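Read the structure below first, then the notes.
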Amino acid sequence: MPDAADPSADLLPRLQAGDERAFEALFRAEFARLVASATWILKEQAEAEEVAQDVLLELWRHRERLVPGTSLPAYLHRAVRNRALNRVRHDRVVEKTLPHVAPPSPAPAADQRALSADLAQRLEHCVGRLPERCREVFELSRVHQLKYAEIAGSMGIALKTVEAQMGKAIRFLRECLHDFLPDGQGA
């Protein structure tokens, strides 16, 4: 029976049944608020819209898993908040590592190609040494460019497990590739 306090309560069973009109109604009712919430965290409208769309799409993809009685607005706002905060954390990590990605000084083209070939070969070797689950998570993230939530959904594991496996992979690869990193960036 729908909850009078939550006007979206009647949408839940319809969503679970695959009713696209219910999804459209939920989208129209919540999208602007979700974007506003994400914009407050991310400080960028376009990125906030992407986060809100991703969360709504994820809800649609996994609608059968929704627990009866779930407050859709509360669920969506919590998911948007978490995803936006994950983006902020990810952007900070990228910011910290970005200066170390490029070689410290320009090398002649032939030297650069040889270095790139060596690095690619070593990287392939190191990735091959990762434990199976860790390697799968790493490849889904870096090769197939899936988001952590998408990896968690496709592998049937928790988002925290994905984050832990990525951390493990990055630490291992940093150690394995220490010869290619600027001084002080290895182990």
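Just so it is clear, none of the values below were taken in a lab; they were calculated from the coordinates. What you see is a predicted model; the values in this text were computed from it and never measured. Cβ placement follows ideal geometry from the backbone for every residue including glycine, while neighbour counts extend to all protein chains displayed.
Could you tell me which residue of region 119-135 is surrounded by the most Cβ atoms within 10 Å (Cβ to Cβ), considering only residues that are within 20 Å of Glu163 (Cβ to Cβ) and of a type in the set (Lys, Arg)? Going through the qualifying residues, I end up with Arg135. Counting the residues of region 125-164 that are in contact (Cβ under 8 Å) with a residue 40 or more places away in the chain and of a type in the set (Lys, Arg) gives 2.
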